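S.K.: Have a look at the structure that comes next, please.
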Amino acid sequence: MSKHTTIDDCKIIDLRKISDPRGNLTPIEGGADVPFDIKRVYYLYDVPGGESRGAHAHKELQQLIVAANGSFSITLDDGKNKKTYNLNRSYYGLLIVPGIWRDLDDFSSGAVLLCLASEHYDAADYIRDYEEFLKYKGVE
Ligand code: TYD
C-alpha cells in the first residue's frame, strides 16, 4: 500500500487554536484531529544552523509533524514528484503517509519539531537508502 502513496496523499491539517489572552492552546487527539491512534511522540530541538535531518522513508509509519516553535522546511518526495512545505505555525500539522521520502532543513534558531507517530519506534520500518526507496516505489 505504501508503495503506491504519493505526495498528494500528504496534507496540512489545520489544528484547532484556542486563543486566549493568557496564551494559545492547540489540542491534538488521536483518531480525531489526526487519522491514526497516537502511539509515540518525539520532538527534535537544538538543531544547529545549517543542519539537515530526515533523509528516509517509512514503510508503515504515519506521522503528523508540527513546528511547535520556530520554523523548518520539509521536502516530501514520492519518487516521482517533490513538494516543500515551510512549517512556521504551531497550529498547522503536516500529515505524512507511509512510503514518502522526507528531507528536513532550514531549521530556525530555537525550532522545535513535534512529531506524533502512529507506531512505536521500529528501525526495520525505515528505508534510509534513496536508491532502495526508488526501487520500493517501482521507479526505475
Ligand atoms: P532518525 O529517525 O534517523 O532521526 P531524523 O529523521 O530526525 O534525522 O533518528 C535518529 C536516532 O534516534 C536513531 O538512532 C534512532 C533514534 N530514535 C529512537 O530511538 N526513537 C525514536 O522514536 C526516534 C524517532 C529515533
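S.K.: Of the conditions (1) within 14 Å of the ligand (Cβ to nearest atom); (2) in contact with a Lys or Arg (Cβ under 6 Å, 6 or more places away or on another chain), Gly79 satisfies every one except a single condition; which number is it?
M.R.: Among (1) within 14 Å of the ligand (Cβ to nearest atom); (2) in contact with a Lys or Arg (Cβ under 6 Å, 6 or more places away or on another chain), the lone unmet condition for Gly79 is (1).
S.K.: State all residues of the stretch 102-134 that are of a type in the set (A, V, I, L, M, F, W, C) and free of Cβ contacts under 8 Å to residues at least 12 places away in the same chain; if no residue qualifies, say none.
M.R.: Ala123, Ala124
S.K.: Going through the stretch 85-117 one residue at a time, which ones are among the basic types (Lys, Arg) and within 11 Å of the ligand (Cβ to nearest atom)? First the steps, then the outcome.
M.R.: Kept after step one, since they are among the basic types (Lys, Arg), are these residues of the stretch 85-117: 89, 102.
Hit for the stretch 85-117 is Arg102, nothing else.
S.K.: Next up: Scan the stretch 93-111 residue by residue and report those that are assigned to a strand (DSSP E or B) and open to solvent by less than 40 Å² (accessible area, probe 1.4 Å).
M.R.: Within the stretch 93-111, Gly93, Leu94, Leu95, Ile96, Trp101, Arg102, Leu104 meet the criteria.
S.K.: Here's something else I'd like to know. Name, by its number, the condition in (1) closer than 22 Å to Glu51 by Cβ; (2) over 14 Å from the mean Cα position of the chain (by Cα); (3) surrounded by fewer than 17 Cβ atoms within 10 Å (Cβ to Cβ); (4) within 14 Å of the ligand (Cβ to nearest atom) that does not hold for His120.
M.R.: (1)
S.K.: What are the pairs with Cβ atoms under 6 angstrom where one residue, in the stretch 1-20, is more than 19 Å from Asn88 (Cβ to Cβ) and free of Cβ contacts under 8 Å to residues at least 12 places away in the same chain and the other, located anywhere, is surrounded by fewer than 16 Cβ atoms within 10 Å (Cβ to Cβ) and of a type in the set (A, V, I, L, M, F, W, C)? Sequence gap at least six, or different chains.
M.R.: So the pair list comes out as Ile18/Leu25.
S.K.: While we're on this one: Counting just the residues of the stretch 44-64 that are more than 30 Å from Leu134 (Cβ to Cβ) and touching a residue at least 60 places away in the same chain (Cβ under 8 Å), which one comes out nearest to the ligand (Cβ to nearest atom)?
M.R.: Tyr45
The values are calculated or read from the model by the stated rules, or taken from the named source; none is laboratory data. Since the structure is predicted, the reported quantities are computational estimates derived from the model, not experimental observations. For neighbour counting, all protein chains shown are included, and Cβ atoms are generated from backbone atoms with ideal geometry for every residue, glycine included. What goes into the accessible areas is simple: the full protein's heavy atoms, side chains included, and nothing from ligands, DNA or RNA. Shrake-Rupley method; radii C 1.70, N 1.55, O 1.52, S 1.80 Å.
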